[in-house]
Amino acid sequence: MNRLISISMCVLILVLVSAQPSHADIYMKRGPDGTMHFSNCPMGTDWTLYAKETKRQKKYTPYTTQRKFSRAQFDSLIAAIARNQGMNPSVIKGIIEVESGYNPYARSSKGAMGLMQLMPQTAQDLGVSDPWDPTENITAGTKYISWLLRKYNGNLTLALAAYNAGPAAVDSYGGIPPYQETTDYVRNVLVRIYGGGYAGQ
């Protein structure tokens, strides 16, 4: 994944040096070798707008509980699991925030469960015995997104689309399916990864 995707560190720098929210429109350009570069503070005219920041309305909220959960309480667990599987923790954090809002007891109307909103069949295929257990859930979800990244040759956008809509839908359309939920999902996760202070973590 690291060969194909580059994160501009100005995202992290802006977050660290300013108490004000950073500009979180996400821009993308491709390098000569096909590498996808993302930044929220592009320099030059060869960048194109990839995802526009929207007010953080909770359009995609499969969970219903009103209890607040802190992402900090899962930071070390996410880092350890991601490191073990060769994944960037920022990707896992972005997925979890959009999927469940860090609620380990989240359940969607479609039956997806836990922090990374595993569907029952996916959880079963990955050998999960307790999808509500944070360690099992994050481990399985990380394995799944890692597999999707390999399947789509490191293309994070397609991997996220497949995480939401399923690989069959992505393969059928040859790209991101034209589902509003899926396009919103991909944009929201990318904004959190590249514009939400996760980059480089």
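The values are calculated or read from the model by the stated rules, or taken from the named source; none is laboratory data. Note that the structure is a prediction, hence the values are computed from the model and not measured. All Cβ positions, glycine included, derive from the backbone under ideal geometry; neighbour counts span all protein chains shown.
Among residues belonging to the range 153-181 that are among the hydroxyl-bearing types (Ser, Thr, Tyr) and over 15 Å from the mean Cα position of the chain (by Cα), point out the one that is farthest from ILE193 (Cα to Cα).
The initial filter retains those residues of the range 153-181 that are among the hydroxyl-bearing types (Ser, Thr, Tyr), namely 157, 163, 172-173, 179.
Filter again for over 15 Å from the mean Cα position of the chain (by Cα), leaving 172-173, 179.
Details: SER172: 27, TYR173: 25, TYR179: 21 Å.
It comes out as SER172.
Within the range 152-169, residues that are touching a residue at least 40 places away in the same chain (Cβ under 8 Å) and farther than 15 Å from GLN121 by Cα have Cβ atoms under 8 Å from residues that are part of a helix (DSSP H, G or I) and aromatic (Phe, Trp, Tyr) in these pairs: LEU160/TYR185, counting only partners at least 6 apart in sequence or on another chain. Return a yes/no flag: does the range 129-138 have any residue that is at negative phi, crowded, with 18+ Cβ neighbours inside 10 Å and either among the acidic types (Asp, Glu) or not in a helix (DSSP H, G or I) (or both). For the range 129-138, residues at negative phi, crowded, with 18+ Cβ neighbours inside 10 Å and either among the acidic types (Asp, Glu) or not in a helix (DSSP H, G or I) (or both): present. Within the range 145-194, restricting attention to residues that are in contact with a strand residue (DSSP E or B) (Cβ under 6 Å, 6 or more places away or on another chain) and not basic (Lys, Arg), the residue that is modelled with the lowest pLDDT is TYR194.
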